[in-house]
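Working notes, beginning with the structure itself.
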Amino acid sequence: MKLFSIILSIFIVSSALAIECTEGMYPVSGHPRTAYFRTDGTYVPKTNVSSYCKKYRSEGPLQIKFLRKIPKGWPFKKEVFRKCGDKKQKNINQVVNTLPKILTQVGEIKILCAKKSATANNPATSALEEKIIVLYDSSFEMDLKRILTHELAHFLYHSLSTKELKQYWKVAQWSDFNQAQNFTTKRTSFSAPDGATDPEEDFANNVEYFYAEPEVMSKNFSLITKWLSKFLGDKQ
Amino acid sequence: MNWYYLILLLIISSCSSNQPSLIQKKDANLYWNILDNVSAKIWTKEKIKEIWGEPREIFHDQKQEHRESWIYDHPTEDYQEWTFGFDENDYLTFVKYFPASDFYSEFSLNNLEKHWLPFHCEHKTKQVLHPHVIKNLTYLSCDHQKRQVEYNKYKEVLSITIEQ
């Protein structure tokens, strides 16, 4: 019977890998679904869900608009903004073209350049609802791909379904235990120290490391890496 | 016995032995009852335990003495579904509920607004500043902030929080 299960698993995996999806869709591997009751009381039995193509939660492919002026209502008043020069714009565009597709389904993003962040050692700031990314001068002396991956991972976190969010909290051991939005974790180790702040920062760091330092991620955070591989892996 | 039937029988028996036992459905009325009666002092640790069993995790809130938070996961989806907070007399004093897919439609934003019509609900936005992220939290605030529904930009309910 074990042999039968192995053959069945190979068949499911191979059929999942074989599936090809059109633009704007990504493949979801076949998986077993447990039984459950619908709200009207209907019993839905357990089954093996076949591989299928699912639409990205997409706001369209990423399009960059470079802005010069300080965005209205920007909270860090002392930051000095400037238009990104031609060289920087070219650099940003080149990097964006190499990013995984799942990170770039955010529609129009406004990018600004600024001299220095109000926060120490910060290469970039994102305003999620306004869809703004501010890149400080230091970011161009660092790994820009890594920085943009991290910033776009924040946008991705906000497009996760409630189910995906909860899956992440579970695998990364985050629990929400009181009235305020106040998460806690028993983990003592994070891919980057500020991941201890909250699940969103932890997620953005882990996505960044997943792409930039996959071996480090896999070695130190195997369960999170496994979940990210499943979630991001076939959405390149 | 024909070999074909024997193999078929083996497959069926193996499938049925691997089937996880289906946890008894807890109906929507019970969930509404808890959400609506947090301040009525009718729900205690004992009653919660009778229905949900032992919690997955217990937190002792350092800021408020004698307060405990019990965390329960969804029986089949396996991630956080409920947080129950108790006072020093073991009475329920707050609840945080994360609806899972079986109750998405029951506890939709629309249904919650209708259900809590007498509680004067308002949609609110709160700006949250992190060192390098600026974001807005959107929520439905009812009953002078005692009932809050947090939702995302797709209007999907993430959590329902009720306090006394």
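For region A:106-125, enumerate the residues that are more than 19 Å from the chain's Cα centre (by Cα) and either surrounded by 13 or more Cβ atoms within 10 Å (Cβ to Cβ) or away from every other protein chain (no Cβ under 13 Å) (or both).
Filtering region A:106-125 down to residues more than 19 Å from the chain's Cα centre (by Cα) leaves A:112-122.
Those that are more than 19 Å from the chain's Cα centre (by Cα) and either surrounded by 13 or more Cβ atoms within 10 Å (Cβ to Cβ) or away from every other protein chain (no Cβ under 13 Å) (or both): A:L112, A:C113, A:A114, A:K115, A:K116, A:S117, A:A118, A:T119, A:N122.
Is it the case that B:S141 is in a strand (DSSP E or B) and modelled with pLDDT of 95 or more?
yes
Can you pull out the residues in region A:123-160 that are at pLDDT 95 or above and of a type in the set (S, T, N, Q)?
Once the filter is applied, which keeps residues that are at pLDDT 95 or above and of a type in the set (S, T, N, Q), region A:123-160 yields A:T125, A:S126, A:S138, A:S139, A:T149.
Taking A:A172, is it in contact (Cβ under 8 Å) with a residue 12 or more places away in the chain and more than 21 Å from B:D78 (Cα to Cα)?
no
Does region B:128-141 hold any residues that are without any contact (Cβ under 8 Å) to a residue 12 or more places away in the chain and more than 8 Å from chain A (Cβ to nearest Cβ), and which are they?
Passing the criteria: only B:V128.
Please find, among B:E68, B:E57, B:E88, the residue that is more than 19 Å from B:L158 (Cα to Cα), free of Cβ contacts under 8 Å to residues at least 60 places away in the same chain and at the interface with another protein chain (Cβ under 8 Å from one of its Cβ atoms).
Matching residue, one of B:E68, B:E57, B:E88: B:E57.
Filter region B:91-102 down to the residues that are farther than 19 Å from B:K153 by Cα and within 8 Å of chain A (Cβ to nearest Cβ), then identify the one that is modelled with the lowest pLDDT.
Among those residues, the one meeting the criterion is B:D102.
How about region B:102-148: which of its residues are farther than 30 Å from A:N121 by Cβ, of a type in the set (A, V, I, L, M) and over 17 Å from the mean Cα position of the chain (by Cα)?
Passing the criteria: only B:L117.
Taking the criterion of being touching an Asp or Glu at 6+ places or on another chain (Cβ under 6 Å), in the same structural domain as A:A127 (by TED's automatic domain parsing) and either closer than 25 Å to B:V128 by Cα or not in a helix (DSSP H, G or I) (or both), would at least one residue in region A:81-101 satisfy it?
The answer is no, given that none of the residues of region A:81-101 is touching an Asp or Glu at 6+ places or on another chain (Cβ under 6 Å), in the same structural domain as A:A127 (by TED's automatic domain parsing) and either closer than 25 Å to B:V128 by Cα or not in a helix (DSSP H, G or I) (or both).
Out of (1) facing another protein chain (nearest Cβ under 9 Å); (2) over 24 Å from B:K96 (Cβ atoms); (3) crowded, with 19+ Cβ neighbours inside 10 Å, the odd one out for A:I133 is which?
A:I133 satisfies all of (1) facing another protein chain (nearest Cβ under 9 Å); (2) over 24 Å from B:K96 (Cβ atoms); (3) crowded, with 19+ Cβ neighbours inside 10 Å except (1).
Specify the residue that is farthest from the other protein chains (Cβ to nearest Cβ); the eligible residues are those in region A:84-105 that are surrounded by 14 or more Cβ atoms within 10 Å (Cβ to Cβ) and farther than 22 Å from A:E59 by Cα.
Step one: list which residues in region A:84-105 are surrounded by 14 or more Cβ atoms within 10 Å (Cβ to Cβ), which gives A:84, A:88-89, A:91-92, A:95-96, A:99-105.
Pick out the ones that are also farther than 22 Å from A:E59 by Cα and you get A:84, A:88-89, A:91.
Working: A:C84: 18, A:K88: 19, A:Q89: 21, A:N91: 20 Å.
Result: A:Q89.
Pick from region B:103-118 the residues that are among the charged types (D, E, K, R) and either part of a strand (DSSP E or B) or out of contact with any helix residue (DSSP H, G or I) (no Cβ under 9 Å at 6 or more places or on another chain) (or both): which of them is nearest to the other protein chains (Cβ to nearest Cβ)?
Only one residue tops the list, namely B:K114.
Could you list, in sequence order, the residues of region B:91-102 that are part of a loop (DSSP other than H, G, I, E, B) and of a type in the set (A, V, I, L, M, F, W, C)? Steps first, please.
So in region B:91-102, the residues part of a loop (DSSP other than H, G, I, E, B) come out as B:98-100.
Those that are part of a loop (DSSP other than H, G, I, E, B) and of a type in the set (A, V, I, L, M, F, W, C): B:F98, B:A100.
The values are calculated or read from the model by the stated rules, or taken from the named source; none is laboratory data. These figures come from a predicted structure and were not determined experimentally. Positions of Cβ are generated from backbone atoms using ideal geometry, with glycine treated the same way; all protein chains shown enter the neighbour counts.
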